[in-house]
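Below you'll find the structure, written out as C-alpha cells, and then a few comments.
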Amino acid sequence: MQVPPFSLSKQISDLSADLERAVLSVLQSGQYIGGAQIQQFEAAFAAAAGVDFAVGCNSGTDALILALRALGVGAGDEVITCSFSFFATAEAISAIGATPVFVDVDPSTYLIDLDQIEAVITPRSKALIPVHLFGRPVDMTRCMSIATTHNLKVVEDCAQATGASWNGQSVGSFGDVGCFSFFPTKNLGAAGDGGAVITNDAALAQTMRELAVHGMPKRYLHTALGYNSRLDAIQAAVLNVKLPKLADWIHNRSSIATRYLERLTALPGIVLPHGDNGHSWNQFVVRVRSCPNAPPLPSASGASHGRAESHCRDWLKQALQDAGVSTIIYYPIPIHRQPAYAHLGYGEGTFPVTERLCSEVLSLPIFPELTATQQDQVVTALEKLLSQDPSVNNVNQDRMVA
C-alpha cells in the first residue's frame, strides 16, 4: 500500500452529498460571480478568524498582492520577509513594484528570525511579511512590537496556517492584513484556487475588495488599476461546506503529529519539529541530518543541486518511496537563490540556516484522514531505514527537537 503525502479521497467521500448539493445549487442559481455563497463565506471566515472583515479573492498569491497594494506599498519600497517560504511570498512583493529584503530563519522554528529584522531596516522599509510556515505561528507579540517601533505595515502570510493561532488568537488577525490560501492541499481547501484577506480596518477591506474587481467601487467606475481576482461562487460553496469541519480537521492533524513526535523521538539522524500550541500542522517536516545506511555520495554533478548536504535527505526520500511512503520536499531551493532573484545579489551562503534547511527538510504524510495503519507504515519504514547501522552511538544532536 502506497501512503500518499496528502489525500482528499476520504474527505470528499464523507462530504460528497453536501458538496454536490451546494455546488448544484450554485449552478442552478446562475449566480456564478458574487452572490449569497460569497457573502456567507466571507462572514463565516471573518468570524472564525475573530476579525471584522474578510474578502474573498482568487488565490493566496493575489491575497498578498491585494494587501500590499491596499497598504500603499509600491515602487521604491522595501518589504522584509524570509527566503524559506513558497516563492509567492516574494513574488507578490515584486509584482507590486517593491523589493523583497530577506533575512534568515530561526533554526529551531524555521520561521523568520525576529532577531535579524532590525538590522535590515532602512528608510525605504515599508512593510514586513511574517510567514506562518507549515502551520506553525510566528511569535506575533514580538513581531508586532518590532513593526510598531519602526512604523512597518504587517501583512501576515497565512497560506499554510488556516486554523493556527498565537497565544489563543488566530493568525492573520494581528497585522494590518492576514492573507490566506484555499489551494486544495491547505487545511481549508477549495476545489481549485481560492484565497482571502482579513482585517479589522473597514477602509482597507473596501480598498482590497475594489482592487479585486478592477479597482471598481461601483459598476463601470474605475478609481485604480486593479485585478480580476474574485473568489468564484462555486469555490465559496465548497468552502462553506468545509469551514465547519476545520476545527475537527486541525484536531486530527494535531493528534497525528503527536503520534509522530512520540514514535520518532528515539530515531537517530532526524530532527523533529516542535509541537507548539497553536500549530495547525499543514505539514509535518523533519530535518534529515544523517543516514548511515545511504550509499556513498556520488560525484558533484550527480548530487541534488550539486549540494552534498542534500544527499542523505534525497536518499531517504527515495528509500521511503520504495517502501511505499510518499514524501514532499518544502523547499529544495530557497527564494534568494532562485534564478528570478539573481539580480538581488544574494550569494550562496548568505542565509546559512535557510540554505541548510533546504538541503535537509522532508515532509512526512499528514492529513486529517491519515489512518493509524498508514502512519504505522510510515514509522516502520523510517525505523528500518534509520536504525540498522550499529555504528551510530552518539545521536544526541540528531535526536534534538527543533
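Observations
- In the condition set (1) under 24 Å from Arg136 (Cα atoms); (2) modelled with pLDDT of 90 or more; (3) of a type in the set (D, E, K, R), Asp276 is compliant with all but (2).
- Entirely in region 88-188, the strands (runs of 3 or more DSSP E) that have 2 or more residues that are of a type in the set (Phe, Trp, Tyr) and surrounded by fewer than 24 Cβ atoms within 10 Å (Cβ to Cβ): none
- Condition check for Ala212: in the same structural domain as His132 (by TED's automatic domain parsing), without any contact (Cβ under 8 Å) to a residue 24 or more places away in the chain and not aromatic (Phe, Trp, Tyr): no
- Residues located in region 221-258, provided they are surrounded by fewer than 16 Cβ atoms within 10 Å (Cβ to Cβ) and part of a loop (DSSP other than H, G, I, E, B): His222, Thr223, Ala224, Leu225
- Test for Ala266: is it more than 30 Å from Asp106 (Cβ to Cβ), in contact with a Ser or Thr (Cβ under 9 Å, 6 or more places away or on another chain) and not assigned by TED's automatic domain parsing to the domain that holds Ala159: no
- Selection from region 189-203 of residues that are closer than 13 Å to Gly172 by Cβ and of a type in the set (A, V, I, L, M): Ala196, Val197, Ile198
- Of the criteria (1) modelled with pLDDT under 95; (2) surrounded by 17 or more Cβ atoms within 10 Å (Cβ to Cβ), which one Ser301 fails: (2)
- Test for Ala266: is it surrounded by fewer than 21 Cβ atoms within 10 Å (Cβ to Cβ) and modelled with pLDDT under 95: yes
Rundown of residues vs (1) under 23 Å from His274 (Cα atoms); (2) in contact with a Phe, Trp or Tyr (Cβ under 9 Å, 6 or more places away or on another chain); (3) at pLDDT below 95, yes/no style:
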position	(1), (2), (3)
Thr99	no, no, no
Val103	yes, yes, no
Asp106	yes, no, no
Asp115	yes, no, no
Pro137	yes, yes, no
Ala147	no, no, no
Gly172	yes, yes, no
Asp193	no, yes, no
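- For Val271, the conditions (1) buried (at least 18 other Cβ atoms within 10 Å of the Cβ); (2) outside the structural domain of Phe134 (by TED's automatic domain parsing); (3) in a helix (DSSP H, G or I) all hold with the exception of (3).
- Considering region 1-34, the residues that are outside any helix (DSSP H, G or I) and more than 20 Å from Leu188 (Cβ to Cβ) include one that is nearest to the chain's Cα centre (by Cα), namely Val3.
- Residue match in region 171-185 (condition: under 15 Å from Thr81 (Cβ atoms), of a type in the set (S, T, N, Q) and under 13 Å from the mean Cα position of the chain (by Cα)): no
- Within region 174-196, residues that are within 22 Å of Val23 (Cα to Cα) and in the same structural domain as Met140 (by TED's automatic domain parsing) sit with their Cβ atoms under 7 Å from residues that are of a type in the set (Phe, Trp, Tyr) and surrounded by 24 or more Cβ atoms within 10 Å (Cβ to Cβ), at 6+ positions apart or across chains, in these pairs: Leu188/Phe182; Gly189/Phe182; Ala190/Phe182; Gly194/Phe182; Gly195/Phe180; Gly195/Phe182; Ala196/Phe45; Ala196/Phe180.
- Gln116 vs. criteria more than 28 Å from Phe41 (Cα to Cα) and among the polar types (S, T, N, Q): yes
- Number of the exception - Leu364 against (1) of a type outside the set (S, T, N, Q); (2) out of contact with any Leu (no Cβ under 6 Å at 6 or more places or on another chain); (3) at pLDDT below 95: (3)
- Residue, surrounded by the fewest Cβ atoms within 10 Å (Cβ to Cβ), within region 203-220, restricted to residues that are assigned to a loop (DSSP other than H, G, I, E, B) and aliphatic (A, V, I, L, M): Met216
- Residue-level check: of (1) under 23 Å from the mean Cα position of the chain (by Cα); (2) modelled with pLDDT under 85, Ser391 misses just (1).
- Among the residues of region 35-60, the ones that are touching an Asp or Glu at 6+ places or on another chain (Cβ under 7 Å) and either assigned to a helix (DSSP H, G or I) or not assigned by TED's automatic domain parsing to the domain that holds Ala196 (or both) come to 1 in all.
- Per-region count, region 355-380, residues part of a helix (DSSP H, G or I) and of a type in the set (A, V, I, L, M, F, W, C): 5
The values are calculated or read from the model by the stated rules, or taken from the named source; none is laboratory data. Please read all numbers here as calculations on a predicted model, not as lab measurements. Because the Cβ atoms are built from the backbone with ideal geometry, glycine has one as well, and the counts that use them run over all protein chains shown.
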